[in-house]
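Quick note: the coordinates plus some simple rules give every number you see, no bench work behind them. Note that the structure is predicted; figures quoted are calculated from it, not measured. Every residue, glycine among them, receives a Cβ derived from its backbone with ideal geometry; neighbour counts consider all protein chains shown.
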Amino acid sequence: MRRGELYFPMDESIAREQCRCNEVLYDFNATRPSETERRRDILRQLLAEVGENCYVEPPLHANWGCHTHFGSNVYANFNLTLVDDTDIFVGNNVMFGPNVTIATAGHPIDPELRRQGLQFNIPVRIGNNVWIGAGAIVLPGITIGDDTVIGAGSVVTRDLPAGVVAVGNPCRVLRPIGERDRLYYYRDRRVPSDC
């Protein structure tokens, strides 16, 4: 299941372990807005790793949770979906907009293999200081380089290098992040001198 090989995901022992993880996820999603400390504690039980100063806005959706690794200062808006049938590695200072999906699981293209119910899982790696815009989807096996921005609604089907703005379906590099981005934070809106 975690080696990228074909396997049967409906195996009874896998289902039991996944149910245990989903019980913890249920507790996280049932917290009240004022229970930030409880949310942090549950998140540490749920995920494989959680760095300092992470914030995840419920609801969070995960196949497992225990295969996801968060660095420090990770912010996830509502409806982050982690199809984490194998590892998802998230660096430091990463931001997820609402309704982002990170998927490690896939199914064979061949109809006979799919009919058998086979699945495979390939890890996803997200570098440091990445911003993934609202509604974006990251597919299995993808690596996203440090400092990259992914536009809202993009479908990331290939690895992305560091330091670029990438958008679209399929997601493609639009441009490198450069000097203009240090001067303007949005269109013609200049970054204040005290920032």
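A few comments on the model shown:
- Taking Cβ atoms as reference points and 11 Å as the exclusive limit, the residues near residue 177 contribute a net charge of -1, counting Lys and Arg as +1 and Asp and Glu as -1.
- The charge dipole of region 16-143, taken about its Cα centre with unit charges on the Cβ of Lys, Arg, Asp and Glu (plus for the first two, minus for the last two), comes to roughly 100 debye.
- Value in Å of the Kirkwood radius, where the chain supplies the Cα pairs that are averaged: 17.7 Å
- Charge tally around residue 87: other residues with Cβ under 14 Å, Lys/Arg +1 each, Asp/Glu -1 each, net 0.
- Beta bridges per DSSP, both residues in the chain: antiparallel share near 20 percent.
- Counting every other Cβ atom within 10 Å of each residue's Cβ, 194, 27 order from fewest to most as 194, 27.
- Residue order, fewest to most beta carbons within 10 Å, for 118, 60: 118, 60
- The chain: most fluctuating residue of 159, 146, 41 per GNM, C-alpha cutoff 10 Å: 41
- Cβ-based exposure ranking for 69, 107, in which fewest neighbours within 10 Å come first: 107, 69
- Sequence-separation-based contact order of the chain, relative, with Cα cut under 8 Å and 6+ spacing, percent: 13 percent
- For residue 156, the shell of other residues with beta-carbons less than 14 Å away shows a net charge of +2, using +1 for Lys and Arg and -1 for Asp and Glu.
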